[in-house]
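A.B. asks: Sharing a structure below in structure tokens format, with a few things to ask.
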Amino acid sequence: MGRGGARPWEAIGRYRRYWLSTFIVLPACGAGLTLDQVLTDRLPFWLELPTLLIFVLLFAWISAGFWTALVGFVLLMRGRADTTPGSPELHLAEPRPQSRVAVLMPIYNEEIERVAAGLQATYKSIQKTGALAHFEFFLLSDTRDPAIWLREELVWSALCESLDAFGRIHYRRRPINNKAKSGNVADFCRRWGKGYEYMVVLDADSVMNGETLYRMLEMMEGNPQVGIIQTQPVAVNRETLYARLQQFAQHLYGPIFSVGLRFWQLGDGHYIGHNAMLRIAPFSQYCALPVLPGRAPLGGPLLSHDFVEAALMAKSGWEVWFVPSLSGSYEEVPPTLIDDLKRDRRWAQGNLQHLRLLAGEGLRPAHRFLFVNGAMSFLAAPLWGLFLILGALGSLHWANTASDGSVITPLDWDWLVSPMPFWLFGVTAILLLSPKFMAVLWVLRQHGRKEHFGGAFHLVLSMFLESIFSILMAPIRMAFHSQFVIQTLMGRGVSWGAQVRGDQETSWRDALRYFGWCSALGLILAGILYPFLGAWHFAWLVPILGGLASAVPLAAWTSRPALGRWTQRRHLFVIPEEVHVPQELQSLGADRMAYMPHIEGDPFVQVVVDPRFNAIHTALQRNRTAAWSRAAKLCHKALEQGPQGLSNRERNILLTDRNSMLALHRAVWSTADRTRLAAWGLQSEAQVLSDA
């Protein structure tokens, strides 16, 4: 498979990472020594030591992001891609006639109309390339709600009929949804993986360009040593103000971070679980997820699978490449702050679990770093909080104690001689804000690209407004991420659930329920700290305390689609896909409801009564002879008590057995009992019997 021996990019990758480590460690140590000179004579050792340690750690973590953005900025300004020897973009091969790709879309209690529209847009885009013969599509359902499940089947059938794609778009629902999405994909690999060489994993809100998918196939064919090719999906299609802020930030700042990340990673790239192409054979052989010893949430099954699967693929000698130059890869972001934080809660637990894998034998250093960096995305929040608490204690001690140990009053203290507030502010501003200006400068230097963001003036104004919102929301995220980490360490776990896909508003009641404690915390801290710190030191805390205090109105206002549309009309937070809408996204909106079947009332009743719907459903089920006795009793109960007499669990038992659904269909239509007919919605038939 071409996996043996030295690979040309590995020496380059090691050299680059040595420099990255140097850029991270030496400035962090230098900053720590500088801060130590400020604190040595002013704070007791018990307060000074943890302050220094946390400061150095956070400085190092932030600087890693800064250097990544800087490298990406330099490469983009030079106008050339980082194509090192061994890059998959350099070796393309025309796909063999027998090369087959399975496009997987795992779903769980999703809005099936949006799922089908996205799948249709991707299907049509591939069809236009003339490469459809290489691709087949699979809707892999883990849905538990019988009403949603039955609608999935009907929409799938309508989709296949609309596209003439029976035999090319497949549907399967797992009766037992163990291990969530990763288990769903693994189940596909066990059952059907041998019939396909590659698979593309999509999310329920994913859309991909056909030319992009074909280019990924060419890369896989030309690079037999590559196990995963990951694209950079960009956020589109949301209208709430919160989502538009996220979309704008990703489109503007994302390229410099993505190009920089590719520069450091090379063939030790990451996998985010969707919008990627994977080689099925090594994935099936090497990427079975471990079960961590101990109890959940830090033990047991892994909640976040993607980084681990990439690490296992690389451990086995296969290359994992992140290719940000592949355009035409789309996703949708959570529409509100509440939905975003709910997703972060699950990610927090999953990323903290990854720390237990750091000592795993054979893992490559780049993936160990990804585990640490992912965990730090959430551990940084309580560390920042602890640093602020230590800073407040230090300020109180500093402001009320002279150098000789005698107590002084705040009025006697010369506030302006302290360099620490200026130092902290300057470092934070440079490391956190300079990538924003780099991104704007790069866009302004590109001919015509600034028009994709609404023009130069609106681009710069949007950047400043987005930065203000980010500053206000940062302490809210810090508070919630700290809560997530503490809950996980205390043994309170979560599980993956259905995600909100459409735009929706957060009511003031919900905002108060979720964020009221956050706003109260900001106001209480402001009232307590101001008298002790005085105006000067308190001024440095205003962005933090102000962000916390404004949590409730921010959550409510930013969830409004009307505000998002208002900013769009004024050319604020514009993204390129709104200026020049790709064909896939046009199809997504135009075809969404064009062919969708209409279901009135109870879907379970319809699948029993409607001959066509019953035929579609039973064709997708198996005969479960082992459970026939129980199913027969439930059929009798359904006839005697009507559909309302069955629980969801009992309905699921009947729905998963082909013979039961066929028998129930025949029994309902052959009954002469007017009451039973009416219970199943057959009022006209009941009336005929009554007249007779």
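The values are calculated or read from the model by the stated rules, or taken from the named source; none is laboratory data. Every value quoted in this text rests on a predicted model; they were computed, and no experiment measured them. As a convention, Cβ positions derive from the backbone with ideal geometry for all residues, glycine included, and neighbour counts pool all protein chains shown. Ligands, DNA and RNA are stripped out before the accessible areas are found, and what is left, the full protein with its side chains, is counted by its heavy atoms. Shrake-Rupley method; radii C 1.70, N 1.55, O 1.52, S 1.80 Å.
A.B. asks: Would you kindly calculate the mean projected area, averaged across all directions, of the convex hull enclosing the Cα atoms of region 207-292, in square nanometres? Before the final figure, lay out the partial values.
C.D. replies: On the way: hull surface 31.9 nm².
Average projection, Cα convex hull of region 207-292: 8.0 nm².
A.B. asks: Out of residues 5 or more away from residue 171 or on other chains, whose amide H comes under 5 Å of its own, with H placed 1.01 Å from N in the peptide plane?
C.D. replies: Hits under the 5 Å cutoff: 139.
A.B. asks: Between residue 96 and residue 33, with labels modelled 7 Å along Cα→Cβ, what's the label distance in nm to one decimal, could you check?
C.D. replies: 5.9
A.B. asks: Using θ = phi - 60° and the Karplus relation 6.51 cos²θ - 1.76 cosθ + 1.60, list the HN-Hα couplings for region 66-78 in order, rounded to whole Hz, with x at every Gly or Pro.
C.D. replies: Once rounded to whole Hz, the list reads 5, 5, 5, 5, 5, 4, x, 4, 4, 5, 5, 5, 6.
A.B. asks: Tell me the Kirkwood hydrodynamic radius of region 134-254 in angstroms, computed as one over the mean inverse distance between distinct C-alpha pairs. Please list the in-between numbers first.
C.D. replies: Working: mean 1/r = 0.0585 Å⁻¹.
It is 17.1 Å.
A.B. asks: 5 Å is the cut-off here: which amide hydrogens, built 1.01 Å from N in the peptide plane, fall below it relative to residue 234, excluding neighbours closer than 5 in sequence?
C.D. replies: 329, 330, 331
A.B. asks: Counting only DSSP beta bridges with both residues in the chain, tell me the antiparallel percent, nearest 5. Spell out each step's value before the answer.
C.D. replies: Numbers: 12 of 37 bridges.
Just about 30 percent of them are antiparallel.
A.B. asks: Please list 352-362, 310-320 highest first by mean number of surrounding beta-carbon atoms within 10 Å per residue. Provide the component values of the computation, followed by the final result.
C.D. replies: Details: 352-362: 15.3, 310-320: 22.7.
By packing density, highest mean first, the sequence is 310-320, 352-362.
A.B. asks: Relative contact order for the chain: what percent, with Cα pairs under 8 Å and sequence separation of 6 or more?
C.D. replies: Working: 1035 pairs, mean separation 117.9, N = 692.
Computed over the chain, the figure is 17 percent.
A.B. asks: Can you give the extra length, in nm with one decimal, that the chain gains between residue 517 and residue 174 once fully stretched, where that is 0.36 nm per residue apart less the Cα-Cα distance? Don't skip to the answer; put the middle values down first.
C.D. replies: Details: separation 343, 0.36 × 343 = 123.48 nm, distance 4.06 nm.
Full extension from residue 517 to residue 174 adds 119.4 nm.
A.B. asks: Gain in length, residue 25 to residue 389, computed as 0.36 nm per residue apart minus the alpha-carbon separation, to one decimal in nm? Spell out each step's value before the answer.
C.D. replies: On the way: separation 364, 0.36 × 364 = 131.04 nm, distance 2.48 nm.
Answer, rounded to one decimal: 128.6 nm.
A.B. asks: Quick check: the angle from helix 658-670's long axis to the longest principal axis of the chain, C-alpha only, nearest 10 degrees?
C.D. replies: Roughly 50 degrees, rounded to the nearest 10.
A.B. asks: In percent, what relative contact order does region 162-318 have, based on Cα pairs under 8 Å that are 6 or more apart in sequence? If you can, show how the numbers build up before the last one.
C.D. replies: On the way: 134 pairs, mean separation 47.3, N = 157.
Once divided by the residue count of region 162-318, the mean separation gives 30 percent.
A.B. asks: A further question on this structure: Using only Cα atoms, tell me the angle between helix 337-354 and the longest principal axis of the chain; keep it within 0 to 90° and round to the nearest 10.
C.D. replies: The angle comes out near 80 degrees.
A.B. asks: Any idea what the alpha-carbon Rg over 2.2 N^0.38 Å comes to for region 1-72? Write down the numbers at each step before the final one.
C.D. replies: Numbers: Rg = 17.9 Å, N = 72, 2.2 N^0.38 = 11.2 Å.
My calculation over the Cα atoms of region 1-72 gives 1.60.
A.B. asks: Oh, and also: What FRET efficiency comes out for the pair residue 147/residue 80, r = Cβ-Cβ distance, R0 = 60 Å, nearest 0.05?
C.D. replies: Working: r = 53 Å, r/R0 = 0.89.
E(calc), rounded to 0.05, equals 0.65.
A.B. asks: Restricting things to Cα coordinates, could you compute the convex hull volume per residue of the chain in Å³? The partial results should precede the final answer.
C.D. replies: Numbers: hull volume 128.5 nm³, N = 692.
Here the figure is 186 Å³ per residue.
A.B. asks: Output the relative contact order of region 1-85, whole-number percent, from Cα pairs under 8 angstrom with separation of 6+ residues.
C.D. replies: Reported relative contact order: 38 percent.
A.B. asks: Taking amide hydrogens as modeled 1.01 Å from N in the peptide plane, which residues meet the under 5 Å criterion relative to residue 300, leaving out close sequence neighbours?
C.D. replies: Distant-sequence amide H within range of residue 300: 292, 294.
A.B. asks: Further, regarding this structure: Which FRET efficiency value, to the nearest 0.05, is calculated for residue 579 and residue 40 with the Förster distance at 56 angstrom and r the Cβ-Cβ distance?
C.D. replies: Values: r = 55 Å, r/R0 = 0.99.
Efficiency for this residue pair is about 0.50.
A.B. asks: Could you quote the convex hull projected area for region 274-385, Cα atoms only and averaged over all directions, in nm²?
C.D. replies: Details: hull surface 35.4 nm².
The number I arrive at for region 274-385 is 8.9 nm².
A.B. asks: A follow-up question, please. Provide the solvent-accessible area of residue 671, counting protein heavy atoms only and rolling a 1.4 Å probe, rounded to the nearest 10 Å².
C.D. replies: Looks like 30 Å² after rounding.
A.B. asks: P(r) for region 43-188, please, calculated from all Cα pair distances in 10 Å bins and given in %.
C.D. replies: 9, 23, 19, 19, 18, 8, 4, 1
A.B. asks: Apply 1/(1 + (r/R0)^6) to the Cβ-Cβ distance of residue 6 and residue 489, taking R0 = 45 Å, and write down the FRET efficiency to the nearest 0.05.
C.D. replies: Details: r = 42 Å, r/R0 = 0.93.
Between residue 6 and residue 489 the formula returns 0.60.
A.B. asks: Moving to a separate point now. Working from Cα positions, state the angle (0 to 90°, nearest 10) between the long axis of helix 508-549 and the longest principal axis of the chain.
C.D. replies: 10
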